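Working notes, structure below.
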2 protein chains.
Amino acid sequence: MIIDIHGHYTTEPQALHQFRDKQLAGLADAARKPSSTDLGISDEALVQSVQPQLKQQNERGSDLTIFSPRAAGMAHHVGSEAVSVQWSTICNNLIHRISTLLPENFIGVGQLPQFPGVSPKNCISELERIVKELGFVGVNLNPDPSGGYWTDPPLTDKHWYPIYEKLCELQVPAMIHVSSSCNPNFHGTGAHYINGDTTAFMQLIQGNLFKDFPTLQFVIPHGGGAVPFHWGRYRGLAQEMKKPLLSEHLLKNVSFDTCVYHLPGIELLTKVVPIDNILFASEMVGAVKGIDPETGHHYDDTKRYIDQVKTLNDEQRYKIFESNARRVYPRLDALLKKRGKPGKKA
Amino acid sequence: MIIDIHGHYTTEPQALHQFRDKQLAGLADAARKPSSTDLGISDEALVQSVQPQLKQQNERGSDLTIFSPRAAGMAHHVGSEAVSVQWSTICNNLIHRISTLLPENFIGVGQLPQFPGVSPKNCISELERIVKELGFVGVNLNPDPSGGYWTDPPLTDKHWYPIYEKLCELQVPAMIHVSSSCNPNFHGTGAHYINGDTTAFMQLIQGNLFKDFPTLQFVIPHGGGAVPFHWGRYRGLAQEMKKPLLSEHLLKNVSFDTCVYHLPGIELLTKVVPIDNILFASEMVGAVKGIDPETGHHYDDTKRYIDQVKTLNDEQRYKIFESNARRVYPRLDALLKKRGKPGKKA
């Protein structure tokens, strides 16, 4: 079974965008606030909206997508905390409906109602709701709710501890994923996303977070940003800081996904990062939708790259495609087992 | 001949640090201002201070280092514009003295007296001085004078045009290099530097800067940040934006250095980036000074990695080690020719 751990709902019905416009217009003119949080989207319309994802799952040969609201759509820097709470609830509910309608294809991961300068404590009730009531298996945690100005503390600061405690208690991992950038210096998918990944990993090197939270699991998307390309730099910096080897210091708790859109990148990733720390993902339909003229295939058809890496054996591919995801997302594993899909081994 | 295009003066005599302390103390208490800009550093002390670099040039087999003030030391966000002007002048003068004392080993690149929110026009007189009077062959341009808050406009904004006009007129390239980070989210060499590189490249993809400045040359250090690892992403994003191929859009004007501190990273760099766009560099004595336990050699001994890449032929190595640098730094080439070192070909 092939599990794509990183998909966002980027094909939302117009009704969701119309709601968001009204919600934000309501900040300037209360008369424009949406009259209801019922978007009026039918089950049929939801199923219709994810046909592109289903088509690509089918064509590319993946089975299940771990599915969350559009990352850029979270926009935690916009409006107010109350806006973020309402918006997160609505977006999470749509993901829940889709994964209920198409349980073989999608399983939910949530967005949190973060807001810059506000303690992540404010996210705990939504986190409990999406895991306990909606059956989500993970969350996206935005390390920069300011959207490109990085005004909140680093991930290793005690500021974040309440949410980590709850993540450990619930046994759900967090993907460390920024949202859109409101800083004109940072293109969203071309700079802010990748910088967010690199920044998060370096913060984790500097700190000792997993001494305090030995069971906490983080996924760093987009192949870990710049980290694998500069693996020697990061090993060397950790060494100068008298930290343990990365295998000991971070790699029991941190994994990278495979959203790297060319074969040489995937070759590097699988060469330098231990296979146990690599989770298959494509982020489709997502950041880079085109066809690579050098290959004739979609840039984000990352399964093709993994299939082509000559140095990987079947067991390693099984880890990347399935068993690592079952380990990092224990609630996913439990759910699959309940459905009679135990996987090849524990 | 092997030219290392990226070295900073990180072994400065204590007198320079003492001056800086007094200079900044003077902001709070004018009575503490340094009484003179004469640091009282003898030629002997300067030559002594760069013995570590000379030793490593000798041991590793490089000949000439393109040498600039400590990158983190520029700290454009600190103090005032006047502080930045005084500090840049002093730091550049030390580089000039070293490259005059040891002309076979060092050639100067300068820092600019940037300050957040101030037009780079303010740097033109120092730029003219270091090129025309001190014989420098390039400059470091900080894309984020705020030191990690990114409050100035992107590099493609007209804000920067005055400095680009002067760079073209003088025929000197700019290395796009941030300085220290005062944002606790960004470790300097582990996050801010790499993010700065990635951000700059993406800004250049979004814009059309080299239509306005067809002869402008930029070097993006640290192997281009995350860019080569995500080469497919960047090709795909440019394609979605209807930009020309990167070879046409940027690669006549943008090069990457080889400050990537492990063999798999250098293998990727030389595989995806055209060889004409790769300049040898190590940034020694710099960001990562230790010995890699996996190889028994210094992380930043990048020449070893290039020597080991099996797919490179002699002509390609010659480009990386020498002739690309001569092309990107025409004043360096002219100087070497004047010294009777014409290189193998034009």
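Brief remarks on what is shown
- Listed by position, the helices (runs of 4 or more DSSP H) inside segment B:117-206 whose residues that are surrounded by fewer than 20 Cβ atoms within 10 Å (Cβ to Cβ) number at least 3 are B:124-128, B:161-170.
- Tabulated pairs, segment B:139-154, first within 12 Å of another protein chain (Cβ to nearest Cβ), second of a type in the set (Val, Ile, Thr) and assigned to a strand (DSSP E or B), C-beta under 8 angstrom, 6+ apart or interchain: B:143/B:176
- Residue A:82 passes every criterion in (1) under 28 Å from residue A:40 (Cα atoms); (2) of a type in the set (A, V, I, L, M); (3) crowded, with 21+ Cβ neighbours inside 10 Å apart from (3).
- Among the residues of segment A:44-74, those that are of a type in the set (Gly, Ala, Ser) and within 18 Å of residue A:298 (Cα to Cα) comprise A:61, A:62.
Yes/no matrix, rows are residues, columns are (1) within 23 Å of residue A:183 (Cα to Cα); (2) out of contact with any helix residue (DSSP H, G or I) (no Cβ under 9 Å at 6 or more places or on another chain); (3) hydroxyl-bearing (Ser, Thr, Tyr):
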| position | (1), (2), (3) |
| --- | --- |
| B:176 | yes, no, no |
| B:188 | yes, no, no |
| B:199 | yes, no, yes |
| B:207 | yes, yes, no |
| B:223 | no, no, no |
| B:245 | no, no, no |
| B:253 | no, no, no |
| B:280 | no, no, no |
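- Filtering segment A:309-346 to residues that are basic (Lys, Arg) and modelled with pLDDT under 95 leaves A:344, A:345.
- Residue A:249 over 17 Å from residue A:1 (Cβ atoms), more than 13 Å from chain B (Cβ to nearest Cβ) and either among the hydroxyl-bearing types (Ser, Thr, Tyr) or more than 21 Å from the chain's Cα centre (by Cα) (or both): yes
- With a requirement of 2 or more residues that are open to solvent by less than 10 Å² (accessible area, probe 1.4 Å), the helices (runs of 4 or more DSSP H) lying completely within segment B:227-346 that satisfy it span B:231-240, B:263-272, B:302-308, B:324-328, B:330-338.
- Residue match in segment A:122-129 (condition: of a type in the set (Gly, Ala, Ser) and farther than 23 Å from residue A:186 by Cβ): yes
- Taken as a whole, the structure places residue A:306 among residues that are over 17 Å from the mean Cα position of the chain (by Cα), aliphatic (A, V, I, L, M), farther than 22 Å from residue B:260 by Cβ and modelled with pLDDT of 95 or more.
- Unmet requirement for residue A:257, which otherwise passes all of (1) at the interface with chain B (Cβ under 9 Å from one of its Cβ atoms); (2) of a type in the set (D, E, K, R); (3) within 18 Å of the chain's Cα centre (by Cα): (1)
- Condition met for residue B:94 (surrounded by fewer than 18 Cβ atoms within 10 Å (Cβ to Cβ) and either at pLDDT 95 or above or over 27 Å from residue B:125 (Cα atoms) (or both)): no
- Filter result (in a helix (DSSP H, G or I) and within 12 Å of chain B (Cβ to nearest Cβ)) within segment A:212-226: A:222, A:223, A:224
- Given (1) more than 14 Å from every other protein chain (Cβ to nearest Cβ); (2) without any contact (Cβ under 8 Å) to a residue 40 or more places away in the chain, number of the condition residue B:279 does not satisfy: (2)
- Consider segment A:10-28 and keep the residues that are assigned to a helix (DSSP H, G or I) and touching a residue at least 60 places away in the same chain (Cβ under 8 Å). The one that is most open to solvent (accessible area, probe 1.4 Å) is A:20.
- Just one of the listed residues (B:45, B:71) is in contact with a His (Cβ under 7 Å, 6 or more places away or on another chain) and on the phi < 0 side of the Ramachandran plot, namely B:71.
- Residues of segment A:47-79 classified as open to solvent by 40 Å² or more (accessible area, probe 1.4 Å) and polar (S, T, N, Q), total: 3
The values are calculated or read from the model by the stated rules, or taken from the named source; none is laboratory data. Predicted, not measured: the structure shown is a model, and the values here were computed from it. Ideal geometry is used to build each Cβ from the backbone, glycine not excepted, and the neighbour counts take in all protein chains shown. Ligands, DNA and RNA are stripped out before the accessible areas are found, and what is left, the full protein with its side chains, is counted by its heavy atoms. Shrake-Rupley method; radii C 1.70, N 1.55, O 1.52, S 1.80 Å.
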